[in-house]
Structure formats: structure tokens, C-alpha cells
1. Only helices (runs of 4 or more DSSP H) wholly contained in the range C:1-92 count here; list those with 3 or more residues that are of a type outside the set (Asp, Glu), within 11 Å of another protein chain (Cβ to nearest Cβ) and out of contact with any Asp or Glu (no Cβ under 8 Å at 6 or more places or on another chain).
2. So which residues in the range A:47-65 are part of a helix (DSSP H, G or I) and either small (Gly, Ala, Ser) or surrounded by fewer than 16 Cβ atoms within 10 Å (Cβ to Cβ) (or both)?
3. In the range C:198-252, what count of residues is obtained for those that are modelled with pLDDT of 90 or more and at positive phi?
4. If I go through the range B:82-94 residue by residue, how many of them are under 17 Å from residue B:15 (Cβ atoms) and at pLDDT 90 or above?
5. Does residue C:49 satisfy the criteria of being exposed (fewer than 15 other Cβ atoms within 10 Å of the Cβ) and assigned by TED's automatic domain parsing to the domain that holds residue C:204?
6. How many residues are closer than 20 Å to residue B:196 by Cβ and among the charged types (D, E, K, R) if we restrict to the range B:211-230?
7. Can you tell me which condition residue A:29 does not meet? The list is (1) on the phi < 0 side of the Ramachandran plot; (2) without any contact (Cβ under 8 Å) to a residue 40 or more places away in the chain, and all the others hold.
8. If you check every pair at least six apart or on different chains, which have Cβ atoms under 8 Å apart with a residue in the range C:196-215 that is closer than 15 Å to residue C:121 by Cβ first and a residue that is crowded, with 24+ Cβ neighbours inside 10 Å and hydroxyl-bearing (Ser, Thr, Tyr) second?
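The values are calculated or read from the model by the stated rules, or taken from the named source; none is laboratory data. Nothing here was measured: the structure is a model prediction, and the numbers come from that model. Don't worry about glycine lacking a Cβ; one is built from the backbone with ideal geometry, like all the others, and counts go over all protein chains shown.
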Amino acid sequence: MTATRRATDTLVIVAVLLAAWQILHRIAGETALPAPLATLSYLLHMVPTERFAENAVATIEAFSFALLLAYALGLAIGVWMGAHRLSGAVGEPILVAIYSLPKIVLYPVVLLIFGLGISGKVVFGALHGILPVALLTMGAIRAIPPVYLRSAHTLRLTPWQTISTVLIPAALPEVFTGLRIGFTVTLLGVLLGEMFASRQGLGSMIMSDMQLAQSEDMVTVTIILFAFAAIANAVLLWIERRLHRRV
Amino acid sequence: MTDAAVPRDVHARLRGVTRTYPGAGNQPPVHALGPIDLDLSKGEFFAVVGPSGCGKSTFLEVLAGLQRPSAGTVTFEGKPILGEVADGIGVVFQEDASFPWLTVWDNAAFGLRRSGIAEAEVRRRVEDALAFMGLKDFTRAYPSQLSGGMRQRVCIARTLVLQPRLILLDEPFGALDAQTRLLMGDEVLRLWRSTGATVLLITHALDEAAMLADRVGAMSARPGRFIEVIETGWPRERDSSIVAEAAFGEITGRLWERLRGESLKALGASRLATAAAD
Amino acid sequence: MRHVGLIRIAVIAALIGALEFACQSSLISRRTIVPPSEMATTLYKILVSGAINADIARTLGVIVVVIVFSIVLGFALGVLIHALPRVREALDPLFATYYAVPVFIFYPVLIAIFGLSIFPIVVIGVATAVVAMIIATLNGLDRVPRVLTKVARVHRLGRVATALTLQLPAAAPYLFTGVKLSVSYGFIAVIAAEFILSPAGLGRDIADAYADFNNRRMYALILFLLIVATIVNAALHAFDMRWAARRSGGRL
């Protein structure tokens, strides 16, 4: 009973947001902000087009590479800093400090080093994602109760068995949180990179739409990106909750 | 035993008090307490013992005015208590209620500062209370720097400065180890004698109740009712050394005799509850 | 473990030293990275000349406006929503997803609606930071131990006195976390907006320097922003540590 009430309450909020959009459309005008329904119908026409597909593929490509890089490096750094006390103590404040910096100012540096092609976007996106993955992995490993290791010793497990059957399951929920947050920030990093200096990808598509006053296109792509991020996050969150429940 | 000397004026009175909580969702309402009939004499030390979940804390909160009874009346010094804490009642809670952002001194002075008493009087009372509770050397410390027992003493000091006539203590020593509890028991007795207040102590520890109180009310499993009120007959000038006396063993034994069955009931009820939740 | 701090300084110094060496010895070309020493001297010259004072004032001014607005608005909304449990439950999915979506990509839409001015920057800055403050406020109010409200009633405090003397101080550590996040997010959003598209500001300056192949100037300005951001965050962090030690002491 309360679950349905909660669902309807949330639908009410969504309806309020859509109404606000409609009102803002009336105030701002057609060229600035299209109406919700118009956007929906545009979406259905636009998605199958070649232009959208090309840009979407470019973004997905860059994002996938960036994510893999962020995960691989982030996990490696996180495991090392978690297991090696001194490195963790020395490195953690450095990582935390970088996390709070406006990394966008480093984008030109990345471009100068890696060039204007896809590598720049991949590195920039990965730069964003490494930090939460590393920090949360480090935290997860530090949080493993020492008594688990003692138990593994008394059970005479081999190092590999200790890692695979005790340490990984114990650390997994928090590590997964890092992966989920890493997903979000890596996506943002890639899109930022496309918005600034790229001729390909959904981020740059939004920017060129804005310059050409194609607001329908722009708003539609924005909505699609929002929906993608929200759905992906919901899926990852669902997995994360199930992992937490086991521990 | 020797001179019990418990004054007979009624300080607080409960008649037919019950407390029922509405059930969550589709559950039936929970009858947590009562009916309770009790007269607290002025200046006496009354302890309530019972199994977990029997309603002891509810009883204390109803008496304090923090909760309204679902039925029955509560009067304090002749006046009814109606969902508001009356002047002259002090409460020390089970959880640590010291304010982490204030020093020990400011914690103790907290209630006084709001009652418009002159600053000189505030200082005098706070100094006395903190000295009485053995916190004289810690006035500028923060609660996070103190042990659990000392934080409870800060809470007691905060209550003392208001010079309450009725002091309610809800399992204040629950989180402390056994030896510290005995020492804190001596402190409470000292406090009781020097303030002349009426003291009601809630505890799950039978020996603590038997040692500290003039009268011990044994409460049944939920819904909590007094199945017996035992008079200990201790002299007013008592301390923890009475645990050596034979009478102490008898009283504790009798309490356990009455409460053993109730504790089993409470244990069974909690087992059923966890089984139903799975 | 104070020598950890020293090791950290040594590591950072070593990295900067290595970079300096690599640049000076042309292992890394000046067209890619400029030696740190030159970054510093160029920055010094620029600052002394007063050429970017207007931009510094503008950028930092916008950031301050965004932060203050986000904190005040976020706190007020947090208090309001906390008092309306049903509204809070309905908004919960929204809050949970808010920082999962790249809110910043709404910036071009804002430019389309409001034109290229300071306004879209302020809006995107507040939009990014305010929800963190709301969530932190909700959290803080949740975490006021229930026993404290009972103590308030034992002392017979009215609602306003309870809120001011008990709930606010008790929630303060969490509120401060919200402040830290708002500062951080506000900074990031404003700089990113200036960078991508803005009529003026330090972010715009860096983008221009990049486009003009003026590496020295670009790195000097990047260095400036990094230093400012690091100092501000470090100050907040130090403040937080002082508070946290006094408050939590193992009771959370």
C-alpha cells in the first residue's frame, strides 16, 4: 500500500517538473526551449538518423575505453594503497585533493600531450574516473577486519584462496560503489572533453546545436544522455544493494 | 532490618496507567504497559526491575511526562501530568545525552542558563554539581575526551543543577562494566542522600536494584505490570558494601524467583519476533 | 605518524623536480609542457602586472555568489523538506539520481535560454551545488540523536530554542560536509562553464591561451587556479578536522 503511494507521489513530482518545463518553454520561446511533447516526437525521429548514430558511437567508444582505463588503473592504485599502509597514508590526501579540483583546467594539458583525437577524451575521462575507484577500493581493503585474515591462516588457505574466497568477497560491495561512482564521473569527463574540443560525439553535438540554434536537437540529446546515465546508475545501484545485503 | 525511615507523604501517584502503541501498518496495536498503580513516597528510593522490553522505559517516560498514558492518571506533587515535563522533575537517560559541542561546564550549565537565574548563582550551582560528581578537573574538557562513565556523570550533573525533587534514571549504567556500576551506585546513593530527592531507578540488574533501593518493583514481561513490590529495609546510610550481607542475597534471590518466568517469556517473545521477521 | 606528512611533501617535490628536469632538458618539449619554474615566474609577472585582476575578481566573485546561494538555499530547502516526510519520500529517487547524471551538460541549454552572460554560469553552478547541501542538511537533521529532543523536553525548551540550541549544533558536522561539497562543486562548475563558453573569466582566459598556442600564459593561469582551489579545499578540510575531533570521538 505504501509502495504504490510512494510511486504515485514520485509521479506527481515528475508531472510537476514537466509542467515547469512547459511553462519555461512558454517564457523562453520556441527557439530557446522546445516543449516536452515536441521534444518527445523529435526524439523518435532523430534517434534512427545517421548523424545521431555516428555521434553516439563516437561517445560510446571513447567512454568505454575511458571506463576500462579508469577501472584498471583505479583498482590497481586502490589495492596497492589499501594493502600498503604507508603508501595509503601518504597518497590518500593527494588523491582527495585532486578529487576536489576543477580538473577541466587540466584538459588543455591532456590535449597537448595526447592530441586532439580520441585519446585525449579517453585520458581525460579516465582521469576523472580513477579517483573514486582508487579511493573507495583503498577504503574497502582497509576496512577488511583483520580477523578474516587470521581465520584464513588458521584454515591454512593458500594466498590465492585467501584473496579469491575471503578478501575479494569482503571488499566487493565498497569496491563496487567506487565503480558505480567512477561510471558517472568518467561519463561526465568524456562529455566535457567533447564539449570543449571535439568534432565528434554527443557532447560536441550539443555544442554545435547550440551555436546553430537547433534547440530541439540539443534538448533531445541532453535528455537522452540524462536517461542513459540515470538508467545505468539505477542498474549499478541495484547490483550494489544486492552485494551489500550479502555481506 | 534497622531504621528504614521512609517518609510516607505521597510524592507521585500513578493510577490505572496503561500505554498502548498503534500498530505499524496492518499490525494490531501493542499493549506495552500497565495497568500500573503505584505511589512514590517523598524522598524514597524506588527501583524498577524487569526483563528487556517489558515497558520499564515507557513507565519512566509516562511518569516524566514525555509520553501520555493511553489510560489512567499520573500526578506529581498533587498536580496531574499531561504530556509535559513538570517543573521539579529531572531525567537521566540511558543513551549518552551529553552535548558534544559544549564543554563539561557548559553542558552542566545548559538547563540553568535558560531559566533566568543570576549568573553568580549559576556558577555556584554548576561548580557544586561538578565537584559533587567528581568532575572538578574536567570542566574545560569536551565529552568526546571522556569515558562513558564520566559522560553519564556530566548528564547527572546537568540534572542536579536544576535541583529536581524527583530524579528519574533510565538504566544510566547500562553501558558500564560491573565494577564501575557498583561505584556509580555509591554515587547515586550519595546524591540521593544529599539532595533529599525522590529517586526512581530503572535497571535490568537485579543486584543493583536490591542494593540501591528502599523498595523494588518487579515488572512482568510485556505488558509491564508490577507483580511484586519488595521492601528492602536498608538504612539510609548504605553503600555497596551491603552486597556482603545475607539479606542482600535473599532479596536478590526473591527478585529472581519472581522474574525468572517473566524473563523466559520475554526471551520467547523475542525469539518468535525474530522468527516471524524472517 | 608525522613523518607521513614529510614523506608526502618529499614525494610531491620529487615529482615537480622530475617534471622540471624533463622540461628543462627538452625530454618534454616546451610546446607540450612548460617547466614548472617558468609557470611560476610567468604567473608572478601576470599577477604583478594586474592584467588579470578583473578576471580574477569576476571568476572568484561568481564562485562566491554560487557558493553562498547554494548553501543558504540548500539549507532552507533541506529544513523544509525534512519537516514534510511525504514530500521527502517522493523526492528521494530524484536526489538519489541527481549526482548520477551529468547535470552540467544542461549548460548549453541554459545559454540558449538566457543568452551568453553571467546568468547561465550562476544557474549551472547553483544547480550543481545546491542538491549536495540539501542532502547534507537532511542527513544532519536525521542524525540528531533522539535522546537530545527528549532532553530538550525535560528542560522544557520551546520549539525555536530546541532548534537553535540543540538541533543546529548537533547537525552541524553534517551541515559542514554539505558546505565543503558545495564549495567544491561550485568551484568546479563555474570554472568548467567559463572554460567551455563564457564572455569572460579565468576559465575563458585559459581556453583563449590554449587556442593562441600561448603555453606560458596558459600554464601560469592553470597553476593559479589549481593553487587557489587547493588552498580553499585544504582550509575547509583543516577546519573540518578540528571540528570533527571535538565532536565525534567515537560516538557516531
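1. The helices (runs of 4 or more DSSP H) meeting that bar are C:3-24.
2. Answer for the range A:47-65, where residues must be part of a helix (DSSP H, G or I) and either small (Gly, Ala, Ser) or surrounded by fewer than 16 Cβ atoms within 10 Å (Cβ to Cβ) (or both): A:50, A:51, A:53, A:54, A:56, A:57, A:58, A:60, A:62, A:64.
3. Residues in the range C:198-252 being modelled with pLDDT of 90 or more and at positive phi: 2 in total.
4. Adding up the residues that qualify gives 0.
5. yes
6. 2
7. (1)
8. From the range C:196-215, the pairs are C:196/C:107; C:197/C:107; C:201/C:59; C:202/C:59; C:203/C:59; C:204/C:198.
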